[in-house]
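Have a look at the structure below, then the notes.
The values are calculated or read from the model by the stated rules, or taken from the named source; none is laboratory data. Bear in mind the structure is a predicted one, so any value in this text is a computation, not a measurement. Counting neighbours? That spans all protein chains shown, and the Cβs are built from the backbone with ideal geometry, glycine included. We work out accessible area using only protein heavy atoms, side chains counted, and drop any ligands, DNA or RNA first. Shrake-Rupley method; radii C 1.70, N 1.55, O 1.52, S 1.80 Å.
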Amino acid sequence: FFTKIANEFLELKKGTIKNSTYNFTYYTPATKYIIPYFGSKRISDIRKNDIELYLKKVKQEHSFSDETVRKHYICLNQIFNNAYQNGFISRNPCVGIKLQSSQKSPKRTYSDEETWLVLEYCPYHRYGLAVHLMLAYGISRSELLGLRWADVDVEKAVLEINQGVVEAKDPDTGKTELVIGAPKN
């Protein structure tokens, strides 16, 4: 059955990638959505149409973003790829699926005037330094939270981004912890 193979895949995947990636791309989609949807089926009976219907349904019912649907697809694809490599199925039904992307309005960035307005206000706000650093250097929240004094060279006016900090939920304990690791990019 699908449930047994999916759970075995999750166990094999755990510890091979960052906890945050494991949780958001594999564990949560699989345990909350994928396994309940496909769980009672034999893995060999699941077809490409079933996968496409699942992805469409989960996007509509939960108003998931394209990125979240893509994570569900990645998880499914790897579960089926693992099943194929272990001889449970003759082909991966995820092969050939094209994910539909929503037509969204283009992302908007601050104009120069808006940026200067925010930067002028930064000295008066309790998080102003953080906002200033993010705007001036183009760093992410994770990179900002990972900054240490050792990353700042005042004499050379250099700021090094060496690590990032993210929150990750441990699937075994349910506790949220801070994870420090290499920056994403």
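Data table
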read-out	value
Among 58, 154, 95: highest mean-square fluctuation, GNM of the chain, C-alpha pairs under 10 Å	154
Cα centroid separation - the range 35-84 against the range 101-155, whole Å	37
Accessible heavy-atom area order of 27, 124, 54, highest first, probe of 1.4 Å	124, 27, 54
Backbone N within the range 1-31 under 11 Å of label point (7 Å from residue 177 Cα along the Cβ vector)	19-20
Label-to-label distance, nm, for residues given as residue 148 and residue 86 (7 Å Cα→Cβ offset)	4.0
Per residue accessible area of the chain, 1.4 Å probe, in Å²	70
Karplus (6.51, -1.76, 1.60) ³J(HN,Hα), θ = phi - 60°, over the range 142-159, in Hz, Gly and Pro reported as x	4, 5, 4, 5, x, 5, 10, 4, 5, 8, 10, 10, 5, 4, 8, 6, 10, 10
Nearby lysines by direct alpha-carbon distance to residue 59 (threshold 20 angstrom, same-chain neighbours under 8 apart not counted)	32, 48, 71, 98, 104
Potential lengthening between residue 125 and residue 24 on full extension [0.36 nm per residue; Cα-Cα distance subtracted]	33.1 nm
The chain - percent of accessible surface contributed by carbon and sulfur, probe 1.4 Å	52
